[in-house]
Amino acid sequence: MNQCQDIQELISGYIDHELSQQKAQRVRLHIESCDNCREIYNDLIAIRKEMGQLQYPECEEAKLDRIMNEPVARTIGIVGWIMLILGLVGFMGWQLFTFFTQPAMPTWAKIGVLLIELGALGLFLSVLRQRLIARKTDKYRNVKL
């Protein structure tokens, strides 16, 4: 009976072809000679077959993905990002222009603000570039956690 207990723990791995050749052979030989373990094996095979034929209703994640990836939603998202980027760049340009046209502002302050603005713009463009490259090459992009 102790051998049956050990074999029953291995039957699922045997069905899934996860056992070493030696353990798989041990399970196969035991199943051929033991009615109780053969019945468990046949039940697991039947369950696996039934599970493979089940049809699952569409889950909320799949519905959300379908909605988010529809052409209109994607187009609106792309247009929104373009408008945001152009707005930020335009606002930064206007802000720099008004800042630098004030004669009362010291030169060191103008240079400091220019460096901050250029640094922020450079970081933004760097991250944007990396995200665009990763979007094209990421093999795990469609993996859902």
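Using just the helices of the chain, give the 222 nm mean residue ellipticity in deg cm²/dmol: DSSP H runs with n ≥ 4 each add -39,500 (n - 2.57), and the total is spread over all residues, rounded to 500. Let's see the in-between values first.
On the way: 6 runs with 116 residues, N = 145.
That calculation yields -27500 deg cm²/dmol at 222 nm.
Compared with the alpha-carbon gap, the fully stretched path from C4 to I67 is longer by 17.5 nm at 0.36 nm per residue. Among the cysteines of the chain, those whose beta-carbon sits 4.7 Å or more from every other cysteine beta-carbon are C4, C59.
Computed FRET efficiency, Cβ-Cβ of A104 and W81, R0 35 Å: what is it to the nearest 0.05? Once rounded, the FRET efficiency stands at 0.40. Computed 3J(HN,Hα) for segment 120-130, one whole-Hz value per residue from the Karplus formula 6.51 cos²θ - 1.76 cosθ + 1.60 where θ = phi - 60°, is 5, 5, x, 5, 4, 5, 5, 5, 4, 4, 4, glycine and proline marked x. Taking label positions 7 Å along the Cα-Cβ direction at both I111 and A46, the computed distance is 8.6 nm, reported to one decimal.
Between 0 and 90 degrees, the angle of helix 2-15 with respect to the longest Cα principal axis of the chain falls at about 50 degrees. Please give me, ordered by residue number, the GluC sites (Glu not before Pro) of segment 44-98 that lie in loop per DSSP and have at most 15 other Cβ atoms within 10 Å. Counting only loop positions with at most 15 other Cβ atoms within 10 Å, the GluC sites (Glu not before Pro) in segment 44-98 are E58.
Figure the gain on full extension for C34 and D138 (residue separation times 0.36 nm, minus the Cα-Cα span) and round it to one decimal in nm. Let's see the in-between values first.
Working: separation 104, 0.36 × 104 = 37.44 nm, distance 5.00 nm.
Stretched out fully, the C34 to D138 stretch lengthens by 32.4 nm.
Couplings for segment 52-57, taken from phi via the Karplus curve 6.51 cos²θ - 1.76 cosθ + 1.60 with θ = phi - 60°, read x, 9, 5, 10, 9, x Hz in order; Gly and Pro are left as x.
Coordinate-derived values only; no laboratory data. Just so it is clear, the model here is predicted, and its values are computed rather than measured. Counting neighbours? That spans all protein chains shown, and the Cβs are built from the backbone with ideal geometry, glycine included.
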